[in-house]
Amino acid sequence: MDLLGWYRGELSSRRLAVLVRHLPRDSAFRLAHEGEAAGWSLGDQLLAAVVDHLAVANWMFASVNRDEDEAPPEPPQPVPRPGVDEAVPDGAPAADTPGPADLARFFG
């Protein structure tokens, strides 16, 4: 397909917009326009969410079933996602990670 057809009037603006909108995820245009996020499909996003929730559940289980004298386990780090700044201070749990008060309320 020749994009000069749009300038010549052989290709309508609507048809050009439809063609651009439905380019493959790995096309140069989408990578330049959307960046790294273009490579993440809905399935990839959902899988990352499942991994994060499973890690938090395992962390909660380990936190509750540890000896009282042991140090609490480190909270899990979420799977890095494109376009999300993960600037979390050292030692601070991620925003979606429950804290000790949340655990006490959940299991109390």
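The values are calculated or read from the model by the stated rules, or taken from the named source; none is laboratory data. Note that this is a predicted model, so its numbers are computed, not measured. Neighbour counts are summed over all protein chains in view; Cβ atoms, including those assigned to glycine, are modelled from backbone coordinates with ideal geometry. For accessibility, only protein heavy atoms count, side chains too; no ligands or nucleic acids. Shrake-Rupley method; radii C 1.70, N 1.55, O 1.52, S 1.80 Å.
Which residues, counting only those in the stretch 75-87, are surrounded by fewer than 10 Cβ atoms within 10 Å (Cβ to Cβ) and either of a type in the set (Lys, Arg) or modelled with pLDDT of 85 or more (or both)?
Pro80
I'm checking my understanding of the structure. Among residues of the stretch 1-58 that are free of Cβ contacts under 8 Å to residues at least 24 places away in the same chain, among the polar types (S, T, N, Q) and part of a helix (DSSP H, G or I), which one is least open to solvent (accessible area, probe 1.4 Å)?
Here the answer is Ser13.
Looking at Ala101, is it assigned to a helix (DSSP H, G or I) and modelled with pLDDT under 85?
Spelling it out, Ala101 is indeed assigned to a helix (DSSP H, G or I) and modelled with pLDDT under 85.
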